[in-house]
Amino acid sequence: MSVYRPYPGQQPPLPPAPPEDRKAACMCCGNLLKFPSTVTCYRCTVCDTVTDLVPLTFNGPMNEDNGMPLSLARVRELCANSDERILERATFQVFSTHILLNHSFRNAEPLSLKNSGVILDDVREAFALICAKGPQMQRALMAAIDRLLRRPGSPMVYLADMPFLLILLENPLNSPSGTETDYTYHHGILSRLLGILSCLMNDLHHHMVMWFRELPHEVFQRRVSLLNYFIAYRLSQVEGARESYPTDWTIKSASRVMALLSAANSQRADPLPMAEFYNTLVDYVNLHRDFKIWQGDRTGAFSFCQYPFLISLGAKMQIMEADAKRQMAERFKEAFFKTALHGLHTDPFLSLHIRRTSIIEDSLNQLQSHHFDLKKKLRIEFVNEAGVDAGGLTKEWFLLLVRDLFDPQYGMFTYDEDSQLCWFNPASFENNEEFRLVGTIVGLAIHNSNILDVHFPPAVYKKLLDYPVHLDDLKTLRPALGRGLESLLSYPGDDVETVFCRDFIAEYEAFGDVIRVPLVPNGDRIPVTNDNRKEFVAKYVDWALNGSVETQFQAFKMGFGYVCGGNALSLFKPSEIELMVCGGTEINIGDLEGVTEYEGFAPTEPTIRWFWDILNTFSEDLKKRLLFFVTGTDRIPATGIQGMTFKISCMGEDSEALPISHTCFNQVCLYRYSTKEKLAHKLEQAMTWSSGFHVK
């Protein structure tokens, strides 16, 4: 054997370089880890999850000795056996092995966007049968799941890797039950399940959204409630969680899975209300700090503003208000030295002096001249009229201005008789300034918590937030046209051209004339056929909701942005913007009584009891008239009745005079009428005869 000997002065050879380290994310918490390239698995230093780099395989055949997949029939058979150890052993084998669980409760259909491959009804019944065997069986089940989720295999890349996650989501032990110790343990297991779900690749997330979309309504609602409880529990039970949540991987994971549910909800035929996703505990964290982190951080740190569906509408409105104050403060700093230098007075309000005879002209001119003050609190003064604006004059200004701007005779908007909704008039002669004014008015209404009597379709609020609009939006605005386009798409015959006799032309009416607009170059020469009807409908919808009113809408959007522009706007959904503008329609008399304050009356005296008894007999129309009489609007605030004030004051003993209201204070003033019938009669007279604002 020869031995290497260097020549005198020659350097010995360098030892071989160690293999380079690799980096990969934990498949549970997403933490980036560094490990030698020679290993076949690695353990996360944050969540203790083991990730295999080489896919695990099942050793031997699937049978009763090695383990075999479960079906509902097999679970029933095992549960019927008097020896529960057999059920416990089979349960542990399957629920601790993702390969076996992925083959359990399967249907015969191939996996697809609409088919997860799992018979979820069977899964739910199987869980119920297993859990009914008592605490020992439940502990064995959870121990098996814990073992599986601590080492879930290699990163998932195929649809066939995911069914076990859907099965585990059906586990009833995920929900709060039993002792606090039990739930703490179960909470930790659920953390791992949500972590793995949240770290799936985007393509797999897309399929998961589609599978969530197909869940029955009650099951889907339980999923949302489960995750909301998980987040609330984490924020309330873990010490310091309300401050440290940006680094809590479990909250981040749950929020990301909630994002999948939110995406699925937007595509469901029976979507849950937005409020179902709000998390009360999230409102109690420092959301102003959270918003700043979200705006300024470029490191990818977690913030709840990344998942705004968790934040209640009221909290988002507070964020928007704070952001508006910040923007105004920056403008104030810029103007401060000019003001100090010239000794100019700075009005803390956006003060408008309006002539009733020129309400549109004065509003337009003064809002243009106060462009940089639009985020201030609004204050209205009607020229040559006494009165301080405590809110009532602002309400009246909005009411009168909106009534004039949206009057069909004014020509800015058209109305559909079927939907009773208004839309921008493509043939309007009004200039952009007036459409900007309408947008500014809508923004000011939100900023000043005033409800407007406007009847826009959802498409307006979608377009304000840059959401795409579709045929369903056109059908909401113009039902007859929408149904016609749908019938064109669904027509089963191959003679579309002959039956429908359409070309690539859109039409609208302008002052009695029908205007024809080509949807494509030479559209009047291109017939609609079986082959191109989808293109025709897409072009028509785009023209009707976008192209035909592009100039008018962009001016409207610009005016809206003057007041509500900023990053905070992106926290809202279109339906939330609509709710802030138009208010809610459901008037619950019990809730109204709960927020009412009394002046000169005791809550238990006859007049007050009669008042609420009378209101409880009101039809929906009478409820709206009562609310309009007292508050100046027949809608409730976006945040619900709990977000409003309502006051009943005493004007004295029995009288023939009518009740009066102070809309600026949401106040109704009553006498101690001698009978319930007299109170009802006087109240209805006041509601009927009232046509203005009784501002005292």
Distance between modelled label sites at ASP121 and THR40, nm, 7 Å Cα→Cβ extension: 4.3 nm
Derived scalar couplings ³J(HN,Hα) [the range 166-172; Karplus, 6.51 cos²θ - 1.76 cosθ + 1.60; whole Hz; x for Gly, Pro]: 5, 4, 5, 5, 7, 4, x
Selection from LEU32, PHE95, PRO518 lying farthest towards where the dipole of the chain points positive, charges on Cβ: LEU32
Above-threshold pairs, the threshold being 26 Å between Cα atoms, out of LYS475/LYS557; LYS325/LYS647; LYS316/LYS377; LYS292/LYS376; LYS377/LYS647; LYS624/LYS678: LYS325/LYS647
Extreme residue, positive dipole direction of the chain, given options LEU169, VAL238, THR51 (C-beta unit charges): THR51
Two-site FRET efficiency, SER674 against ALA390, from Cβ-Cβ distance with R₀ of 25 Å, rounded to 0.05: 0.15
The chain: angle of helix 432-447 to the longest principal axis, Cα-based, in degrees nearest 10: 70 degrees
Isotropic mean projected area of the C-alpha convex hull, the range 355-442 (nm²): 6.8 nm²
Net +/- balance of residues flanking ASP524 in space, Cβ distance below 9 Å, scoring K and R +1, D and E -1: +1
Cα-centred dipole magnitude for the range 568-686, charges only on beta-carbon of K, R (+1) and D, E (-1), debye, nearest 20: 120 debye
Dipole magnitude (debye, nearest 20) for the range 318-464, charges at Cβ of Lys, Arg, Asp, Glu: 740 debye
Pairs of Cα atoms farther than 19 Å apart, the range 589-689, %: 35 percent
Over the chain, relative contact order from alpha-carbon pairs under 8 Å, at least 6 apart, %: 8 percent
Selected from PHE553, ILE505, LEU350, residue furthest toward positive end of dipole (the chain; charges at beta carbon): LEU350
Chain lengthening between VAL514 and ASP495 when straightened (0.36 nm per residue, less Cα-Cα): 4.1 nm
Part-to-part distance (alpha-carbon centres) for the range 82-96 and the range 361-380, which is given in Å: 73 Å
Dipole magnitude of the chain, debye to nearest 20 (Cβ charges: Lys/Arg +1, Asp/Glu -1, about Cα centre): 2360 debye
Excluding exposed DSSP-loop GluC sites (Glu not before Pro) (at most 11 other C-beta within 10 Å), longest clean stretch of the chain: 65-238
Cα-based helix-to-principal-axis angle, 676-689 vs the chain, degrees rounded to 10: 80 degrees
Kirkwood hydrodynamic radius of the range 318-464, Cα pairs, Å: 17.0 Å
Angle between the chain longest axis and helix 135-150 axis [Cα atoms, degrees, rounded to 10]: 90 degrees
Mean residue ellipticity (222 nm) of the chain, computed from DSSP H runs ≥ 4 via -39,500 (n - 2.57), nearest 500: -14500 deg cm²/dmol
Rough spin-label spacing in nm, given labels placed 7 Å along Cα→Cβ, for ALA25 and MET651: 6.6 nm
The range 424-463 - Debye-derived log10 I(q)/I(0), Cα point model, q = 0.25 Å⁻¹: -1.04
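Readers should treat all values here as calculations from the given coordinates under stated rules, not as data from a laboratory. Predicted model, so just to flag it, every value in this text is computed and none were measured. Note that we place each Cβ from the backbone using ideal geometry, even for glycine, and neighbour counts take in every protein chain shown.
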